[in-house]
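Notes follow once the structure below has been shown.
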Amino acid sequence: MASAGTDGAPVDALRAALPPGAVLTDPASTEAYRHDWTRLPDAGFPLAVVRAGSAEDVRAAVAWAAEHRVPVVPRGAGTSLAGGATAVDGCLVLSTERMTGVEIDPATRTAVVEPGALNAAVKDAAAAHGLWYPPDPGSFRISTIGGNVATDAGGICCVKYGVTRDYVLGLDVVLADGRLVSLGGRTVKDVAGLPLLELFVGNEGTLGVITRVVLRLIPLPSPAATLVAYFDGPRDAARAVVAMGARVRPSMLELMDSAVIDAVEAFSPMGLDRDAGALLIGQSDAPGAARSVEVAGMAECCEQAGARSVFATDDPAEGDLFLEARRAAGPAISARGSVLAEDICVPVDQLPTAMERIEAVAREHRTEIPVVAHAGDGNLHPALVFPPGDADARRRAEEAFAAILRVALECGGTITGEHGVGRTKRAALPAQLGEDVMELGQRVRGALDPLGILNPGVLW
Ligand SMILES: Cc1cc2nc3c(=O)[nH]c(=O)nc-3n(C[C@H](O)[C@H](O)[C@H](O)COP(=O)(O)OP(=O)(O)OC[C@H]3O[C@@H](n4cnc5c(N)ncnc54)[C@H](O)[C@@H]3O)c2cc1C
C-alpha cells in the first residue's frame, strides 16, 4: 500500500524510483534535515528526505516532486545562515551529501566536482597538483560546493581573488520539471547563447538543483606576509581600510571590533589586545619584493588612520595564528547566546559610516552587536546576540536586524553580500530591488519553475 504524506503524495512511488535506502521518512531520521545553521523556530516537517547518490537520483526525485506538486528544498551541508536550506511542511528535502566526487585536470586547470563535495576537499585535491581553488567561506571545512555555488559564497580571500561565481565554468542542473541540462563547460571562454550559466549561480536553489560543477583553478599563491594593527575604535580601522583601497591589493583584509576581540579571547585565549577598540588583519601574497612594499603601504595607512600599534610578520606560521583568531570569531560569538547573523555589504568608502551607524543601532535597540568584517570588500557581519529564550530581547534583536538592513541600503549597499536572502531577509528585498526588478525576477522564476516547487519561501 502506498504511504502518503500530508498532501497524499505516494512516497512509495518515490522509493521505487530511487536506489534502496535513498528515501528517509522516519521522523527520527528526517529531524536532522529540518534545520540549517539559522535554527529558524518555524522550520517545517519534511514529507521525505532523499539522499541522492547521483544526478539520475536527483532527476528522478525532482520529476516525482513535480508530478505530485511537492515543494523541494535542495540541501548541501545545511550551513546556511539565512534559512536557505530550512525545511517547509510537507516538502522533499533533497540532500546531495552523498555526491562527493572530485576530479582534477591539471592540463586545463579545472576541477569537475559533484555538489556534495566539501569546499575543503576541492582545495586539498587541487593542492595535490600545485593548484588552488580560492573561494574560502568561513565554513570551507564543512560546506559543500553545491551550496557554495547556489549562494555564490564569498570569504576571506575575495578581496583579491573574487567570489565563487568567478570560478564556475560549467554546471549540470536538474530543472523544476526533472530535465537535466548542461551549461558552460571546461573552457575559460564561451559566449554561445544567453549567459544562463550565471543565472544558476547564487539563486539559492530556486531555479534548479545543481548536480555537477566545473571549477576553474589557479596556481597556488606565494606564502603571505601578515600585518596586524590595533585601533582605539572600529571607525579608525575602517578609515585605514578606505585609505588602502587606492594604494594596495591585499590578499586578505579583515576587521574585528572590541566585542569580537573579547569574545575570541574568552572562547580561546590567543593573546589578542583586549584593551583595543578594533583589530585589522591584512595579508599580502604579492610575489618577491612587492610583498614587503605592499605590507609597508598597509602599515602606513594604519598609522595615518591613528593605529595604536602596528605589527608585521613574514612568518606564515605566525600569520596563520591571526587568521585562526579571525576564523574563531563565528564560534566565539555563537558561544555568547542566540545569534541573528547579518551580512550587509557597502561600498568600501561607506565602511566608517556603516560601523558608526551599527553602533547607534546597538544602543537604540539595547542589543549586543559584535561586528566582524571582510573589511576590504565592505562586507560586514554584525551578529545580534541575545539570551536564548528571552522573548523581549529577541524582539529587540529582530528590530535591530531590520534597522541594519536599512543602514546597508542607505549607505548604497546590499542586504546580503554572500550568505543570501534566504528566508531571513526576504522582507527587505523589495526595498533593495524595487518593483520592476522584483517583477523581472518573479517572471524568470515563474518561467523556470511554473509550479513554484523549488525552495518556496526563499527570496520571496
Ligand atoms: C561558521 C560559518 C561560517 C560561514 N562563513 C561564510 C563565509 O565566510 N562566506 C559565505 O559566503 N558564507 C559563509 N557561511 C554560510 C554558508 O556556509 C554558505 O552559505 C555555504 O555556501 C552554504 O553551503 P552548504 O553546503 O552548507 O549549503 P546549504 O546550507 O545546505 O544550502 C544553502 C543554499 O543553497 C541551496 N543549495 C544547496 N545545495 C544545492 C544544490 N546542489 N543545488 C541547488 N541549490 C542548492 C540551498 O537550497 C540553500 O538555499 C558560513 C556559515 C557558517 C556556519
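The values are calculated or read from the model by the stated rules, or taken from the named source; none is laboratory data. Note that the coordinates shown come from a computational prediction; the quantities given were computed from them, not determined experimentally. For neighbour counting, all protein chains shown are included, and Cβ atoms are generated from backbone atoms with ideal geometry for every residue, glycine included.
Among the residues making up region 386-406, those that are surrounded by fewer than 21 Cβ atoms within 10 Å (Cβ to Cβ) and either among the aromatic types (Phe, Trp, Tyr) or farther than 22 Å from Gln432 by Cβ (or both) are Pro387, Pro388, Gly389, Asp390, Ala391, Asp392, Ala393, Arg394, Arg395, Arg396. The residues on offer are Ala305, Ala259, and the sole one that is more than 16 Å from Gly376 (Cβ to Cβ) and among the aliphatic types (A, V, I, L, M) is Ala259.
Considering region 260-287, the residues that are under 25 Å from the mean Cα position of the chain (by Cα) and assigned to a loop (DSSP other than H, G, I, E, B) include one that is surrounded by the fewest Cβ atoms within 10 Å (Cβ to Cβ), namely Ser268.
Pairing each residue of region 190-215 that is under 17 Å from Glu114 (Cα atoms) with any residue that is polar (S, T, N, Q) and away from the ligand (no atom under 15 Å from the Cβ), provided the two are 6+ apart or on different chains, yields C-beta distances under 8 Å for Val214/Thr110; Leu215/Thr110.
Hey, can you tell me all the residues within region 31-50 that are farther than 24 Å from Gly138 by Cβ, within 15 Å of the ligand (Cβ to nearest atom) and not in a loop (DSSP other than H, G, I, E, B)? Hits for region 31-50 are Val49, Val50.
Restricting the search to region 154-177, which residues are buried (at least 17 other Cβ atoms within 10 Å of the Cβ), outside any helix (DSSP H, G or I) and more than 13 Å from the ligand (Cβ to nearest atom)? Leu169, Gly170 - these are the residues of region 154-177 that are buried (at least 17 other Cβ atoms within 10 Å of the Cβ), outside any helix (DSSP H, G or I) and more than 13 Å from the ligand (Cβ to nearest atom).
Within the set Arg308, Arg363, Arg291, Arg357, the sole residue that is closer than 17 Å to Ile261 by Cα and of a type outside the set (A, V, I, L, M, F, W, C) turns out to be Arg308.
Yes/no matrix, rows are residues, columns are (1) among the small types (Gly, Ala, Ser); (2) within 19 Å of Ile453 (Cα to Cα); (3) surrounded by fewer than 19 Cβ atoms within 10 Å (Cβ to Cβ); (4) assigned by TED's automatic domain parsing to the domain that holds Val209:
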{"position": "Ala16", "(1), (2), (3), (4)": "yes, no, yes, no"}
{"position": "Ala28", "(1), (2), (3), (4)": "yes, no, yes, no"}
{"position": "Pro46", "(1), (2), (3), (4)": "no, yes, no, no"}
{"position": "Val49", "(1), (2), (3), (4)": "no, yes, no, no"}
{"position": "Ala52", "(1), (2), (3), (4)": "yes, yes, no, no"}
{"position": "Trp64", "(1), (2), (3), (4)": "no, yes, no, no"}
{"position": "Ala85", "(1), (2), (3), (4)": "yes, yes, no, no"}
{"position": "Val88", "(1), (2), (3), (4)": "no, yes, no, no"}
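Going by what's in this entry, would Ala4 be described as modelled with pLDDT of 95 or more, out of contact with any Lys or Arg (no Cβ under 8 Å at 6 or more places or on another chain) and over 21 Å from Thr86 (Cβ atoms)? Against the criterion (modelled with pLDDT of 95 or more, out of contact with any Lys or Arg (no Cβ under 8 Å at 6 or more places or on another chain) and over 21 Å from Thr86 (Cβ atoms)), Ala4 does not qualify.
For region 425-460, taking the residues that are within 13 Å of the ligand (Cβ to nearest atom) and among the charged types (D, E, K, R), the one that is surrounded by the fewest Cβ atoms within 10 Å (Cβ to Cβ) is identified as Arg426. One residue stands out among those in region 311-359 that are farther than 24 Å from Asp232 by Cα and of a type in the set (A, V, I, L, M, F, W, C): the one that is farthest from the ligand (Cβ to nearest atom), which is Ala317. Restricting attention to region 81-113, the residues that are near the ligand (Cβ under 9 Å from one of its atoms) and closer than 24 Å to Gly155 by Cα add up to 10. Screening Thr211 on (1) assigned to a loop (DSSP other than H, G, I, E, B); (2) not assigned by TED's automatic domain parsing to the domain that holds Glu359 shows it passes everything except condition (1). Where strands (runs of 3 or more DSSP E) sit wholly within region 295-401, those with at least 1 residues that are under 18 Å from Ser251 (Cβ atoms) occupy 309-313, 371-374, 379-386. Pairing residues of region 114-137 that are free of Cβ contacts under 8 Å to residues at least 40 places away in the same chain and outside the structural domain of Gly76 (by TED's automatic domain parsing) with residues that are within 12 Å of the ligand (Cβ to nearest atom) and assigned to a strand (DSSP E or B), at Cβ distances under 8 Å and at least 6 apart in sequence or on separate chains, gives Ala117/Thr144; Asn119/Thr144.
In the list Val371, Val421, which residue meets the criterion of being more than 19 Å from Gly84 (Cα to Cα), in contact (Cβ under 8 Å) with a residue 40 or more places away in the chain and crowded, with 20+ Cβ neighbours inside 10 Å? Give the steps one after another, and end with the answer.
On the way: Val421 fails: more than 19 Å from Gly84 (Cα to Cα).
Of Val371, Val421, the one residue that is more than 19 Å from Gly84 (Cα to Cα), in contact (Cβ under 8 Å) with a residue 40 or more places away in the chain and crowded, with 20+ Cβ neighbours inside 10 Å is Val371.
Answer yes or no as to whether Val73 is out of contact with any Asp or Glu (no Cβ under 7 Å at 6 or more places or on another chain), within 15 Å of the ligand (Cβ to nearest atom) and not assigned by TED's automatic domain parsing to the domain that holds Gly146. Please lay out each step first, then the result.
Working: out of contact with any Asp or Glu (no Cβ under 7 Å at 6 or more places or on another chain): yes; within 15 Å of the ligand (Cβ to nearest atom): yes; not assigned by TED's automatic domain parsing to the domain that holds Gly146: yes.
In short, yes.
Let's see how each residue does on (1) in contact (Cβ under 8 Å) with a residue 60 or more places away in the chain; (2) in contact with a Cys (Cβ under 9 Å, 6 or more places away or on another chain); (3) outside the structural domain of Asp136 (by TED's automatic domain parsing):
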{"position": "Ala237", "(1), (2), (3)": "yes, yes, yes"}
{"position": "Met244", "(1), (2), (3)": "yes, yes, yes"}
{"position": "Arg249", "(1), (2), (3)": "yes, no, yes"}
{"position": "Ala263", "(1), (2), (3)": "yes, no, yes"}
{"position": "Phe267", "(1), (2), (3)": "yes, no, yes"}
{"position": "Ala276", "(1), (2), (3)": "no, no, yes"}
{"position": "Cys302", "(1), (2), (3)": "yes, no, yes"}
{"position": "Gly319", "(1), (2), (3)": "yes, no, yes"}
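Scan Leu194, Leu220, Leu199 and give me the residue that is within 16 Å of the ligand (Cβ to nearest atom), surrounded by fewer than 19 Cβ atoms within 10 Å (Cβ to Cβ) and of a type in the set (A, V, I, L, M, F, W, C). Don't jump to the end; show me each part of the working.
Working: Leu194 fails: within 16 Å of the ligand (Cβ to nearest atom); Leu220 fails: within 16 Å of the ligand (Cβ to nearest atom).
The match here is Leu199.
Of the residues in region 144-152, none is more than 24 Å from Ala60 (Cβ to Cβ), more than 15 Å from the chain's Cα centre (by Cα) and either near the ligand (Cβ under 7 Å from one of its atoms) or without any contact (Cβ under 8 Å) to a residue 12 or more places away in the chain (or both). Scanning region 304-327 for residues that are surrounded by fewer than 21 Cβ atoms within 10 Å (Cβ to Cβ) and among the hydrophobic types (A, V, I, L, M, F, W, C) returns Val310, Phe311, Ala312, Ala317, Leu321, Leu323.
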